[in-house]
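Undergrad: My questions all concern the structure below.
Here, each number is a calculation from the coordinates, and none is a lab measurement. The structure displayed is predicted, hence computed values, not measured ones. Here the Cβ positions follow ideal geometry from the backbone for every residue, glycine too, while neighbour counts run over all protein chains shown.
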There are 2 protein chains.
Amino acid sequence: MAQPPKYLTGDSAAINDFIDKFDVFLIDCDGVLWSGDHLFEGVVETLEWLRSKGKRTVFVTNNSTKSRAEYLQKLKKLGIPGDVEEIFGSSYSAAIYISRILKLPAPKNKVFVLGEAGIENELRTENIPFIGGTDRNFRREITPDDFQGIADGSLLDPDVGCVLAGLDFHINYLKLSHAYQYLRRGAVFLATNLDSTFPMNHNFFPGAGSVVVPLTNMIGKQPVALGKPSQAMLDAIEGKFQLDRGRTCMIGDRLNTDIKFGIEGKLGGTLAVLTGVNKKEDWEAEDAVAVPGYYVDKLGDLLAGAQ
Amino acid sequence: MAQPPKYLTGDSAAINDFIDKFDVFLIDCDGVLWSGDHLFEGVVETLEWLRSKGKRTVFVTNNSTKSRAEYLQKLKKLGIPGDVEEIFGSSYSAAIYISRILKLPAPKNKVFVLGEAGIENELRTENIPFIGGTDRNFRREITPDDFQGIADGSLLDPDVGCVLAGLDFHINYLKLSHAYQYLRRGAVFLATNLDSTFPMNHNFFPGAGSVVVPLTNMIGKQPVALGKPSQAMLDAIEGKFQLDRGRTCMIGDRLNTDIKFGIEGKLGGTLAVLTGVNKKEDWEAEDAVAVPGYYVDKLGDLLAGAQ
């Protein structure tokens, strides 16, 4: 194991040292601030305290089902103050990548979306044409006519040049069949993120990875992923917020996304919280995917223990 | 590359040598006999010719959507003579495995099925209790109550001890969520087969693997697979037909299922046909997953070229 992480809960000197090291905190949401609709204790007060000390807080989420504007509503509903510019989601990251880096030439620049409204809304803000997504015409059982039309191409849109896959609560055989055919015909393969599971109601449900891996398995190649731990996302965050990586800390619950993201991005620090997916045993394991620099039982421990 | 395969099309001496080497032909169906509802030329005559020479023909299929009885209907509809005892499918293989090898003690012996009626029918013939499958209650969108009840376990059946995943044209988020929770709670993880794609209408669609891999990815472990190339299937076939492996030949279109199945099972020979998934380039590639002993352009070439 790498250097073991420093445990901050209840250690006021260590907490104050930690806080002083950073100007910016990139904060994962699900599993750190809340689980489902349950806000963790002390979160709001801790965020306000960090801001009162002049720290910048940026919410970095792989959840692609909500656009930044929708995510802000979720923050507000839970009583977390914030601004849309403080939110950086994988859908936004994907939209930015498509419009500013991929730049597919028209007319073959349409995106076939596997995912929810969050992806569609971010694509709209970047004026990217798309099909699929929440369209009711794709939320149904596959028919013999579909099999025929998908197979011979008559039901496919010749202008699709990219498949973007994210968490889709309405995933079905018809959508997977379309996405696979577009990929077979050469469409660029993108994913908002690859999280295998999605935290919800204090448990776990299928994540974006569950939508992406059938395609990866069929087509035999990996997508470009635009969420954590992809460094494409960190580059975009750095560009937008002009942050100093050495004075930036990533806070998250997942070793294979959040903590890996911070370490590979050479951030000044990483802080794990134990309110989400990973536990202490996970970074103590010999084959640990990443080891955080610090950890607390829960985010609220930063404020509670600092005084 | 291993020894290159012998090309039999049009070579009557080579075909007759080949036929004389074997008593039993294990024959894959999709991509060998037909594609979708299209029967390939010369198939019926070739099967009749093999039988007239005293050869046993066994149809070995990874297609789990049909039971053996339903598969026989498909054969008959296409004009292929056969008997239910000549058919060996991955659903049947899975049912046999559950009832005769796994033998889960009651009451925790229910199977949660991701798949179509073929799986259910084979489970019924072995008196295996199951839920899920084609039940309309699972063919719908997930609701907030589902999230809650799946997360807290109140909507889960405590008697489920096994998850069996196969090709499901009605795959959805609700079913994947249930299957994942049962696996998290320790259910045995089985798959009828792992084919990434499914041949249909002269093209390819998502296969059983597309239903299985999200679960594999979430739970972090592989299922026991009961279809080709799993040797569990060949053991079952050998037990049922009392065949001499050295005098048995596997005929198929897929290197990673059919041909691998025959080679790993130490059968006397393997014959590839070019009417399905794989092409000549695939076994000529340096990283070829398996190289057949023989190949023909299509199955009908055996009879056409023999005379």
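Undergrad: Based only on other Cβ atoms within 10 Å, what is the fewest-to-most ordering of A:Asp152, B:Asp168? If you can, show how the numbers build up before the last one.
TA: Details: A:Asp152 12, B:Asp168 28.
Arranged by neighbour count, lowest to highest, A:Asp152, B:Asp168 become A:Asp152, B:Asp168.
Undergrad: What are the label-to-label distances in nm, one decimal and shortest first, from B:Lys221 to the same spot in the other copies, with labels 7 Å along Cα to Cβ?
TA: 3.4
Undergrad: While we're on this one: How do A:Val212, A:Val163 rank when sorted from fewest to most other Cβ atoms within 10 Å of their own Cβ? It would help to have the intermediate numbers written out before the result.
TA: On the way: A:Val212 31, A:Val163 25.
Exposure proxy ranking, most exposed first: A:Val163, A:Val212.
Undergrad: Along Cα-to-Cβ, 7 Å out, sits the label point; list in nm, shortest first, how far the one on A:Arg184 is from those in the other copies.
TA: Reported distances to equivalent positions: 3.5 nm.
Undergrad: Just flag the trypsin sites (Lys or Arg not before Pro) in segment B:109-183 sitting in loop per DSSP whose Cβ has no more than 16 other Cβ atoms within 10 Å. The partial results should precede the final answer.
TA: On the way: sites: B:Lys110, B:Arg124, B:Arg136, B:Arg139, B:Arg140, B:Lys175; in loops: B:Arg139, B:Arg140.
Listed in order of number, the matching sites are B:Arg139, B:Arg140.
Undergrad: What percent does the relative contact order of segment B:1-119 come to when contacts are Cα pairs within less than 8 Å and at least six residues apart? Each step should come with its number before you reach the end.
TA: Numbers: 114 pairs, mean separation 28.2, N = 119.
For segment B:1-119, the relative contact order is 24 percent.
Undergrad: So for chain B, averaging the separation of alpha carbon pairs under 8 Å that are six or more residues apart and normalising by length, what relative contact order in percent results?
TA: Numbers: 638 pairs, mean separation 77.2, N = 307.
Answer for chain B is 25 percent.
Undergrad: May I pose another question? Considering only DSSP beta bridges where both residues belong to the protein assembly as shown, give the percentage that are antiparallel (nearest 5). Don't skip to the answer; put the middle values down first.
TA: Details: 12 of 82 bridges.
Antiparallel bridges: around 15 percent, rounded to the nearest 5.
Undergrad: Can you give the average number of partner chain beta-carbon atoms within 10 Å of each beta-carbon in peptide A:130-142, as a whole number? Don't skip to the end; give the middle numbers.
TA: Numbers: counts 0, 0, 0, 0, 0, 0, 0, 0, 0, 2, 0, 4, 4.
For this peptide, the per-residue mean of nearby foreign Cβ atoms is 1.
Undergrad: Just check the protein assembly as shown against the gyration tensor rule for me: Cα atoms, a ≥ b ≥ c as the square roots of the eigenvalues, rounded for a/c under 1.5, and otherwise prolate or oblate depending on whether a/b exceeds b/c. Write out the running numbers ahead of the final one.
TA: Working: a/c = 2.32, a/b = 1.98, b/c = 1.17.
The shape class here is prolate.
Undergrad: Placing +1 at every Lys and Arg Cβ and -1 at every Asp and Glu Cβ, with all other atoms neutral, what dipole size does the protein assembly as shown have around its Cα centre, in debye to the nearest 20?
TA: On the way: 66 positive and 80 negative charges, 18 e Å.
Result for the protein assembly as shown is approximately 80 debye, rounded to the nearest 20.
Undergrad: Sort the following peptides by mean Cβ neighbour count (other Cβ atoms within 10 Å, averaged over residues), highest first: B:48-57, A:178-187. All intermediate terms of the calculation are to be shown ahead of the outcome.
TA: Working: B:48-57: 14.2, A:178-187: 20.2.
Listed from highest to lowest mean packing, they are A:178-187, B:48-57.
Undergrad: Something else now. Name the residues whose placed amide hydrogens come within less than 5 Å of the amide hydrogen of A:Trp34, ignoring near sequence neighbours (fewer than 5 apart) on the same chain.
TA: A:Phe40
Undergrad: If you find the alpha carbon centre of segment A:253-307 and of segment B:1-54, how far apart are they in angstrom?
TA: Comparing the Cα centres of segment A:253-307 and segment B:1-54, I get a distance of 59 Å.
Undergrad: Any idea what the dipole of chain A comes to, in debye rounded to 20, about its Cα centre with Lys/Arg Cβ at +1 and Asp/Glu Cβ at -1? Don't skip to the answer; put the middle values down first.
TA: Values: 33 positive and 40 negative charges, 148 e Å.
So the magnitude is around 700 debye.
Undergrad: Could you work out how much longer the chain between B:Thr134 and B:Lys76 gets when fully extended? Use 0.36 nm per residue separation minus the Cα distance between them, nm to one decimal. Intermediate results must be reported in sequence, preceding the final value.
TA: Values: separation 58, 0.36 × 58 = 20.88 nm, distance 2.48 nm.
Taking B:Thr134 through B:Lys76 to full extension adds about 18.4 nm, to one decimal.
Undergrad: If you don't mind, another one. Expressed as a whole number of Å, what is the distance separating the alpha-carbon centroids of segment A:129-165 and segment B:102-168?
TA: That distance is 29 Å.
Undergrad: Counting only other chains, what is the mean number of Cβ atoms within 10 angstrom of the Cβ of each residue in peptide A:206-213?
TA: On the way: counts 12, 3, 0, 4, 9, 3, 3, 9.
Taking the mean over all residues of the peptide, I get 5.
Undergrad: Mind checking which chain A residue has its Cβ closest to the axis relating A to B, and how many whole Å off it is?
TA: Spelled out, residue of A and its Cβ distance from the axis onto B: A:Val213, 2.
Undergrad: Please compute, for peptide B:176-183, the average count of beta-carbon atoms on other protein chains lying within 10 Å of each residue's beta-carbon.
TA: Numbers: counts 5, 8, 0, 1, 7, 3, 0, 0.
That average works out to 3.
Undergrad: While we're here: When DSSP assigns beta bridges and you keep just the ones with both residues in segment B:104-225, what percent turn out antiparallel, to the nearest 5? Intermediate results must be reported in sequence, preceding the final value.
TA: Numbers: 4 of 18 bridges.
Of those bridges, close to 20 percent are antiparallel.
Undergrad: Using modelled backbone amide H atoms (1.01 Å from N, in-plane), which distant-in-sequence or interchain residues come within less than 5 Å of B:Ala187's amide H?
TA: none
Undergrad: Between copies, how far does the label point of A:Asn137 sit from its twins, in nm, shortest first, when each point is 7 Å from Cα along Cα→Cβ?
TA: Copy-to-copy label distances at A:Asn137, shortest first: 3.5 nm.
Undergrad: So if I place +1 on the C-beta of Lys and Arg and -1 on the C-beta of Asp and Glu, and nothing else carries charge, what would the dipole magnitude of segment A:157-290 be about its Cα centre? I want it in debye, nearest 20. Before the final figure, lay out the partial values.
TA: Details: 13 positive and 15 negative charges, 53 e Å.
Once rounded to the nearest 20, the dipole reads 260 debye.
Undergrad: With a ≥ b ≥ c taken as the square roots of the eigenvalues of the C-alpha gyration tensor of chain B, please select rounded if a/c is under 1.5 and otherwise prolate if a/b is larger than b/c or oblate if it is not? List each step's numbers first, then the result.
TA: On the way: a/c = 2.14, a/b = 2.00, b/c = 1.07.
It comes out prolate by the Cα gyration axes.
Undergrad: May I pose another question? DSSP loop trypsin sites (Lys or Arg not before Pro) in segment B:58-108 with at most 15 other Cβ atoms within 10 Å of their Cβ, which ones? Let's see the in-between values first.
TA: On the way: sites: B:Lys66, B:Arg68, B:Lys74, B:Lys76, B:Lys77, B:Arg100, B:Lys103, B:Lys108; in loops: B:Lys66, B:Lys103, B:Lys108.
In loop regions of segment B:58-108 (DSSP not H, G, I, E or B), the sparsely surrounded trypsin sites (Lys or Arg not before Pro) are B:Lys103, B:Lys108.
Undergrad: Amide H to amide H, which residues 5 or more places from B:Tyr295 or on other chains are under 5 Å from it, using H placed in the peptide plane?
TA: Those lying under 5 Å, H to H, from B:Tyr295 are B:Lys6, B:Tyr7, B:Leu8, B:Ala272.
Undergrad: Give the percent of DSSP beta bridges with both residues in chain A that are antiparallel, rounded to the nearest 5. Don't skip to the answer; put the middle values down first.
TA: Values: 6 of 41 bridges.
Of those bridges, close to 15 percent are antiparallel.
Undergrad: Read phi for every residue in segment B:98-105 and hand back ³J(HN,Hα) as whole Hz from Karplus 6.51 cos²θ - 1.76 cosθ + 1.60, θ = phi - 60°, with x for Gly and Pro.
TA: Couplings: 5, 7, 10, 10, 5, 6, 5, x Hz.
Undergrad: When the Karplus curve 6.51 cos²θ - 1.76 cosθ + 1.60 is applied with θ = phi - 60°, which whole-Hz ³J(HN,Hα) does each residue of segment B:193-206 get, with x for Gly and Pro?
TA: Whole-Hz 3J(HN,Hα) from phi for segment B:193-206: 5, 10, 3, 5, 10, 9, x, 6, 6, 6, 8, 10, 10, x.
Undergrad: Step through the residues of segment A:125-137 one at a time and calculate ³J(HN,Hα) from phi using the Karplus curve (6.51 cos²θ - 1.76 cosθ + 1.60, θ = phi - 60°), rounding each to whole Hz and writing x for Gly and Pro.
TA: Along segment A:125-137, the couplings run 5, 9, 6, 9, x, 8, 9, x, x, 8, 3, 4, 5 Hz.
Undergrad: Please order A:Asp301, A:Asp159 by the number of other Cβ within 10 Å, starting at the fewest.
TA: Details: A:Asp301 22, A:Asp159 14.
Fewest-to-most Cβ neighbours within 10 Å comes out as A:Asp159, A:Asp301.
Undergrad: For segment A:201-261, state which trypsin sites (Lys or Arg not before Pro) are in a DSSP loop and have at most 12 other beta carbons lying within 10 Å of their beta carbon.
TA: Here the sparse-neighbourhood loop sites are A:Lys221.
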